[in-house]
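K.L.:
First the structure, then my questions, so here it is.
The values are calculated or read from the model by the stated rules, or taken from the named source; none is laboratory data. Every value quoted in this text rests on a predicted model; they were computed, and no experiment measured them. As a convention, Cβ positions derive from the backbone with ideal geometry for all residues, glycine included, and neighbour counts pool all protein chains shown.
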Amino acid sequence: MKRATLIGVSALTLLLSSCGDGAEKKANERLEAARVAFAHGDYNDAKIQLDSIKILFPKAFEARRQGIVLMQQVELKEQQESLVYLDSMMQAKQEQFDAIKSKFTFEKNEEYQRIGNYFWPTQTIEKSLHRSFLRFQVNEQGVMTMTSIYCGPSFIHHLAVKVIAPDGTFAETPASKDSYETTDLDEKIEKADFKMGDDGNLMSFLYLNRDKKIKVEYLGGKKYSYQMAPNDMAALTNIYELAQILSAIDHIKKEQEEAQMKIQFIEKKMSEREEKETAQ
């Protein structure tokens, strides 16, 4: 109880001092500290100083007005520098992508696809007929997908995949949300799709064990297993690394757009304020 009373008295004392004759002077001291911080590129400290003026000196109207002006300058400079940094990051990632994109096969049907997909050349459809394997692809936005493909004389009705390393560690997908079965002449074909993030970390597990021999099991009505081929492991490795680059590029693009929108908003506010002050 005594501690609560002391806190209340301290808060009241601070409030009273902020309303006294020296309020404007103290507010101006903090305003000057914010200007110095801004000049040195310490934008966080500048904003802390400016926020404290509003909280501690609510009646220091001139200092608060100048604080608003300075806050807009701080926020504008922050976003401008952020945009420069993002542009440099984008350039670096774009150079990484340009250096390796020719290794991949790009597929996009302009009639019905808004986003194209990259494949490893050994896993294109024409090179992968009549075999069971894990197929990997990544779209232009960096979203990686794995398709478990089964080809055989009878259906196994698989919906999930398990991969096992030589030491017994394993990863397993949940049941696929996108699967189908069909028949081509006497061949039974099944496919199940798994997106990165909804794959039980199976693709990341494969990447971490990319130098090992991996056993693949299809789980469903009947169990079916095989050893993952070296070419398919190479596909996983290269598509996984491409996905990291494309995902980073997509993320940077979104941050660039956000920074540009913030700059436009701040500049509009600054223009409105200047017009208002001129009219007065």
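K.L.:
Just the residues that are touching a Lys or Arg at 6+ places or on another chain (Cβ under 8 Å) and closer than 30 Å to LYS47 by Cα, please, taken from segment 75-128.
P.N.:
Selection gives GLU75, GLN79, MET90.
K.L.:
Moving on. Which numbered condition in (1) modelled with pLDDT of 95 or more; (2) more than 30 Å from MET261 (Cβ to Cβ) is the only one that VAL84 fails?
P.N.:
(2)
K.L.:
Can you report the number of residues in segment 57-100 which are more than 30 Å from GLU272 (Cα to Cα), without any contact (Cβ under 8 Å) to a residue 24 or more places away in the chain and more than 21 Å from the chain's Cα centre (by Cα)? Don't jump to the end; show me each part of the working.
P.N.:
Start the filter on segment 57-100 by keeping residues that are more than 30 Å from GLU272 (Cα to Cα), which leaves 88-100.
Checking which are without any contact (Cβ under 8 Å) to a residue 24 or more places away in the chain leaves us with 88, 91-92, 95, 98-99.
Filter once more, so that each one left must be more than 21 Å from the chain's Cα centre (by Cα): 99.
Residues in segment 57-100 being more than 30 Å from GLU272 (Cα to Cα), without any contact (Cβ under 8 Å) to a residue 24 or more places away in the chain and more than 21 Å from the chain's Cα centre (by Cα): 1 in total.
Every residue, every condition in (1) closer than 18 Å to SER225 by Cβ; (2) charged (D, E, K, R); (3) free of Cβ contacts under 8 Å to residues at least 12 places away in the same chain, yes or no:
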position	(1), (2), (3)
PRO174	no, no, no
THR182	no, no, yes
LEU185	no, no, yes
GLU190	yes, yes, no
ASP193	no, yes, no
GLY200	yes, no, no
MET203	no, no, no
LEU208	no, no, yes
LYS212	yes, yes, no
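K.L.:
Using the structure shown, decide if ALA99 is surrounded by fewer than 14 Cβ atoms within 10 Å (Cβ to Cβ) and either touching a His at 6+ places or on another chain (Cβ under 8 Å) or assigned to a helix (DSSP H, G or I) (or both). Reasoning before the result, please.
P.N.:
On the way: surrounded by fewer than 14 Cβ atoms within 10 Å (Cβ to Cβ): yes; either touching a His at 6+ places or on another chain (Cβ under 8 Å) or assigned to a helix (DSSP H, G or I) (or both): yes.
Criteria met by ALA99.
K.L.:
Scan segment 118-157 for residues that are of a type outside the set (Lys, Arg) and under 28 Å from the mean Cα position of the chain (by Cα) and report the count. Explain how you work it out, then say what you get.
P.N.:
Taking segment 118-157 as the starting set, the residues that turn out to be of a type outside the set (Lys, Arg) are 118-126, 128-130, 132-134, 136-157.
So of that shortlist, the ones also under 28 Å from the mean Cα position of the chain (by Cα) come out as 118-121, 123, 134, 136-148.
Final tally of qualifying residues: 19.
Yes/no per residue for (1) exposed (fewer than 14 other Cβ atoms within 10 Å of the Cβ); (2) modelled with pLDDT of 95 or more; (3) aliphatic (A, V, I, L, M); (4) on the phi < 0 side of the Ramachandran plot:
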{"site": "GLY221", "(1), (2), (3), (4)": "yes, no, no, yes"}
{"site": "SER225", "(1), (2), (3), (4)": "yes, yes, no, yes"}
{"site": "MET233", "(1), (2), (3), (4)": "no, yes, yes, yes"}
{"site": "LEU236", "(1), (2), (3), (4)": "no, yes, yes, yes"}
{"site": "GLN244", "(1), (2), (3), (4)": "no, yes, no, yes"}
{"site": "ILE249", "(1), (2), (3), (4)": "no, yes, yes, yes"}
{"site": "ILE266", "(1), (2), (3), (4)": "no, yes, yes, yes"}
{"site": "MET270", "(1), (2), (3), (4)": "no, no, yes, yes"}
{"site": "LYS276", "(1), (2), (3), (4)": "yes, no, no, yes"}
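K.L.:
A follow-up question, please. In the set GLN73, GLN94, GLN49, GLN66, which member is part of a helix (DSSP H, G or I), farther than 30 Å from MET270 by Cα and among the polar types (S, T, N, Q)? Walk me through it before giving the result.
P.N.:
Numbers: GLN73 fails: farther than 30 Å from MET270 by Cα; GLN49 fails: farther than 30 Å from MET270 by Cα; GLN66 fails: farther than 30 Å from MET270 by Cα.
So the residue among GLN73, GLN94, GLN49, GLN66 that is part of a helix (DSSP H, G or I), farther than 30 Å from MET270 by Cα and among the polar types (S, T, N, Q) is GLN94.
K.L.:
Among the listed residues ILE245, ILE239, identify the single one that is under 30 Å from the mean Cα position of the chain (by Cα), within 16 Å of SER148 (Cα to Cα) and in a helix (DSSP H, G or I).
P.N.:
On the way: ILE245 fails: within 16 Å of SER148 (Cα to Cα).
Of ILE245, ILE239, the one residue that is under 30 Å from the mean Cα position of the chain (by Cα), within 16 Å of SER148 (Cα to Cα) and in a helix (DSSP H, G or I) is ILE239.
K.L.:
I've got another one for you. Could you tell me whether any residue of segment 253-269 is within 29 Å of TYR85 (Cβ to Cβ), part of a loop (DSSP other than H, G, I, E, B) and without any contact (Cβ under 8 Å) to a residue 24 or more places away in the chain? Break it down stepwise before answering.
P.N.:
First, pick out the residues of segment 253-269 that are within 29 Å of TYR85 (Cβ to Cβ): 253-269.
Checking which are part of a loop (DSSP other than H, G, I, E, B) leaves us with none.
There is no residue in segment 253-269 that is within 29 Å of TYR85 (Cβ to Cβ), part of a loop (DSSP other than H, G, I, E, B) and without any contact (Cβ under 8 Å) to a residue 24 or more places away in the chain.
K.L.:
Residues in segment 120-151 that are of a type in the set (Phe, Trp, Tyr) and closer than 17 Å to SER225 by Cβ: how many?
P.N.:
Going residue by residue through segment 120-151, those that are of a type in the set (Phe, Trp, Tyr) are 120, 133, 136, 150.
Still in the running and closer than 17 Å to SER225 by Cβ: 133, 150.
Residues flagged as of a type in the set (Phe, Trp, Tyr) and closer than 17 Å to SER225 by Cβ within segment 120-151 amount to 2.
K.L.:
Same structure again: Give the residue, chosen from GLU258, GLU181, that is over 30 Å from ASP98 (Cβ atoms), surrounded by 14 or more Cβ atoms within 10 Å (Cβ to Cβ) and either in contact with a Gly (Cβ under 9 Å, 6 or more places away or on another chain) or of a type outside the set (Lys, Arg) (or both).
P.N.:
Working: GLU258 fails: over 30 Å from ASP98 (Cβ atoms).
Exactly one of GLU258, GLU181 is over 30 Å from ASP98 (Cβ atoms), surrounded by 14 or more Cβ atoms within 10 Å (Cβ to Cβ) and either in contact with a Gly (Cβ under 9 Å, 6 or more places away or on another chain) or of a type outside the set (Lys, Arg) (or both), namely GLU181.
K.L.:
Tally the residues that are part of a loop (DSSP other than H, G, I, E, B) and out of contact with any strand residue (DSSP E or B) (no Cβ under 6 Å at 6 or more places or on another chain), restricting the search to segment 155-188.
P.N.:
Within segment 155-188, the first condition is being part of a loop (DSSP other than H, G, I, E, B), and the residues that meet it are 155-157, 165-169, 173-177, 185-186.
Checking which are out of contact with any strand residue (DSSP E or B) (no Cβ under 6 Å at 6 or more places or on another chain) leaves us with 165-169, 174, 177, 185-186.
Total satisfying the criteria: 9.
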